[in-house]
1. At pLDDT 95 or above and not in a strand (DSSP E or B), is that true of residue 255?
2. Which of (1) part of a loop (DSSP other than H, G, I, E, B); (2) in contact with a helix residue (DSSP H, G or I) (Cβ under 8 Å, 6 or more places away or on another chain); (3) surrounded by 16 or more Cβ atoms within 10 Å (Cβ to Cβ) does residue 161 not meet, given it meets every other one?
3. Is it fair to say residue 97 is under 25 Å from residue 255 (Cα atoms), modelled with pLDDT under 95 and not in a strand (DSSP E or B)?
4. Within segment 226-237, which residues are surrounded by fewer than 19 Cβ atoms within 10 Å (Cβ to Cβ) and in a helix (DSSP H, G or I)?
5. Just to verify a result, which residue in segment 112-142, among those that are in contact with a strand residue (DSSP E or B) (Cβ under 8 Å, 6 or more places away or on another chain) and in a loop (DSSP other than H, G, I, E, B), is modelled with the lowest pLDDT?
6. Checking the conditions here, which among 249, 268 is in a helix (DSSP H, G or I), modelled with pLDDT of 65 or more and not assigned by TED's automatic domain parsing to the domain that holds residue 199?
């Protein structure tokens, strides 16, 4: 008989097999387990003889996460170089706070192909000023060589700040966000067909084939759905920048989803639970999750 595999709907793969609680604790918290319930929840996982996991112990662990965060924000980057960066800003509503905060995240890829968490900052909104502060901070800590390519969505604040701080870096618009924006201009009944046509552009084997697919898209839809065609064509150059880089990297460079996927876990906590999540706690939990997840990120 074939083996029956257990697949958890609660814990992501990178935390499920961890021998350390460093990854498990923030995931459980963000999934809705309060600090007062950790001892009971983890005793079921680790056994009755597990080390003390009282609320006080959990609080001391979160204090350790704060120290890790402060140390990481001060680290020297003078010996680091990143060929590609992915950037995204995700809004997170903390239960006890009046407004949603925007968490700005930058992931970098080294010349050896290893992805690392490069920048993380909490701002009020995804503005050029917030992105500028984050990028200038990276440069001030020694990141002297500009990345060759930056991948992000259509947030104008990020691109404006990039052009000011790292003017030599090329732009790559995220295809996942672009396709969503284009599909918004079509009725739902048409979206499956239009998605296939958009993939003919985004996954074309060459730049010339992609440009031809864009012309075909315009010929099919521009007459009736002019705004959809305009949405696709206004960023043509930035959408196709990835063709100038190694083909084995294209799947990584088409989208900023490496950032977005981590935040799915965080949103589950803020949407589904009734417990309070302060801005400080949210920041530490997200940073700890990102740090744990980065150890399992796929190499280029």
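The values are calculated or read from the model by the stated rules, or taken from the named source; none is laboratory data. Predicted model, so just to flag it, every value in this text is computed and none were measured. Neighbour counts run over all protein chains shown; Cβ positions are idealised from the backbone, glycine included.
1. For residue 255, the condition - at pLDDT 95 or above and not in a strand (DSSP E or B) - is not met.
2. The one condition residue 161 does not meet is (1).
3. Considered against the rule, which asks whether it is under 25 Å from residue 255 (Cα atoms), modelled with pLDDT under 95 and not in a strand (DSSP E or B), residue 97 comes out as no.
4. 226, 227, 230, 231, 233, 236, 237
5. Out of the qualifying residues, it is 124.
6. One residue alone meets the criteria, 249.
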